[in-house]
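Right, one structure below, let's go through it.
Since every read-out is calculated from the coordinates, none of them should be taken as a lab result. Quantities reported herein were computed from a predicted structural model and do not represent experimental measurements. Here the Cβ positions follow ideal geometry from the backbone for every residue, glycine too, while neighbour counts run over all protein chains shown.
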Amino acid sequence: MSAAALRTYSRLQRLTARVTSTRPLSSTAWIPPELPILENRLDSKDDEITKYELSCNVRPWSKDGSRYSRTYRSQGLIPGIIYGAPSPTSPEPSRILTLTSHQKIQRELVINKLPGYSALSSRVYDLTLLDSTPSTNAGDVIQVIPRDLQMHPVRNEVLCLNYLRYYPGRPLEIPLRYSMVDDSPALKRGAFILAQNRFVTLTVLPGFKIPNFVEVDCSGLKLKDKVRLDRLALPEGCEWGKDVDDEFLVGSVFGRAKTMAGVEEEE
């Protein structure tokens with residue numbers, strides 16, 4: 001074996017040992033086993049508007065960059081930025097550099113977990129600033145939507161999380177959830193929906209609750225059917241986004257030939 005091949009083999013062994021190691025991750029990746037206070041908020045009544053809360057520190061612009069970001073992560077703090085205008089007509093204010101607790105972000109990821117993805121970016125949070133800036137004071141609360149979540153490809157740790165300022169009427173990406181699956185002869189026999197979109201853009205009118213998801217009616221779906229906008233239930237007080245039209249495609253129903261034969265027999 002050549003020297004180059006030996007070095008490559010050694011690096012692969014070290015990487016494999018690192019990924020398959022049973023030792024716990026660093027303390028910054030620890031997730032509390034019990035979250036009673038945060039979980040209770042998801043049990044609110046339908047007529048109540050659920051509030052999501054986070055807090056962050058503010059860092060000076062002089063400490064921006066990759067070197068500082070690595071230092072912050074080693075301390076359990078995730079760098080990010082607050083951007084966007086607070087209303088449709090106002091100019092965008094200066095951006096604010098933030099540091100959010102890694103533990104708090106992991107909690108939100110666990111609570112907002114949906115099958116196959118996280119709904120963190122579909123929530124509006126009351127973000128409390130713990131420090132002062134030239135334009136804000138300590139204790140100020142800004143309504144934001146988490147954006148640009150970056151995860152480590154191997155360790156599954158958060159690397160960066162930004163925040164977009166929210167105002168009533170700003171479009172939101174709401175996750176889709178399939179319902180009435182048992183009423184579909186194809187899905188009941190093992191077929192599946194090959195998803196093209198897992199989210200749909202909504203505009204929530206002032207005073208109405210931001211929905212946790214949008215229902216997709218799967219009743220009567222057959223193999224090769226296409227699931228479009230007409231099967232989505234528009235929540236109360238919401239409007240479809242400008243990019244959503246009648247041809248909006250959720251996905252198509254696929255299955256094996258054996259599944260198709262079973263459905264045809266039933267029909």
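Odds and ends about this structure:
- Given their separation in residues at 0.36 nm each and the Cα-Cα distance between them, Glu239 and Asn156 gain 26.4 nm when the chain is fully extended.
- Residues of the range 90-115 falling in the label zone of Gln75, defined by backbone nitrogen less than 12 Å from a point 7 Å along Cα to beta-carbon, are 99-101.
- Given charges at beta-carbon only (K, R positive; D, E negative), |dipole| of the range 172-266 in Debye: 420
- Interchain or long-range residues, amide H under 5 Å from Leu77's placed H: His102
- Sorted fewest first by neighbouring Cβ atoms within 10 angstrom, Thr136, Thr100 come out as Thr136, Thr100.
- Chain lengthening between Asp126 and Ser252 when straightened (0.36 nm per residue, less Cα-Cα): 41.6 nm
- Number of Lys-Lys pairs in the range 172-266 with C-alpha atoms under 29 Å apart and a separation of 8 or more places or on different chains: 10.
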